[in-house]
């Protein structure tokens, strides 16, 4: 749970409460890692996956519609800047390990 809290930039308590709500809603399930029962795993359930896919489609459609309203030159500038930013972030993530989990002390 610690790795998830760090990735979300939330406290451990807030992350645990969020996961509790997602479990109660049927979006995820919580289990113990086989190798170390102290480590908790959170897995996306089919309903959670469908909901995420639906949200992604909606956001993509809304963003595409908003960008389409921009003048062509602004669209080109936006594309150039976003591509440069993504290239930069990709380089950062290749250089740094992303925390995925940590066993309790």
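The values are calculated or read from the model by the stated rules, or taken from the named source; none is laboratory data. Remember, predicted model here, so these are calculated numbers, not experimental data. Cβ coordinates were reconstructed from backbone atoms using ideal geometry, including for glycine residues, and neighbour counts include every protein chain displayed.
Given 70, 55, 4, which one is surrounded by 12 or more Cβ atoms within 10 Å (Cβ to Cβ) and modelled with pLDDT of 95 or more? Among 70, 55, 4, only 70 is surrounded by 12 or more Cβ atoms within 10 Å (Cβ to Cβ) and modelled with pLDDT of 95 or more.
Of note, residue 47 satisfies the criterion of being out of contact with any helix residue (DSSP H, G or I) (no Cβ under 7 Å at 6 or more places or on another chain), surrounded by 11 or more Cβ atoms within 10 Å (Cβ to Cβ) and either touching a residue at least 60 places away in the same chain (Cβ under 8 Å) or not in a loop (DSSP other than H, G, I, E, B) (or both). If you scan the stretch 26-41, which residues turn out to be in contact with a helix residue (DSSP H, G or I) (Cβ under 8 Å, 6 or more places away or on another chain) and surrounded by fewer than 16 Cβ atoms within 10 Å (Cβ to Cβ)? Hits for the stretch 26-41 are 26, 29, 30.
Within the stretch 3-12, which residues are over 14 Å from residue 40 (Cα atoms) and in a helix (DSSP H, G or I)?
Step one: filter the stretch 3-12 for residues over 14 Å from residue 40 (Cα atoms), giving 6-11.
Result: 6, 7, 8.
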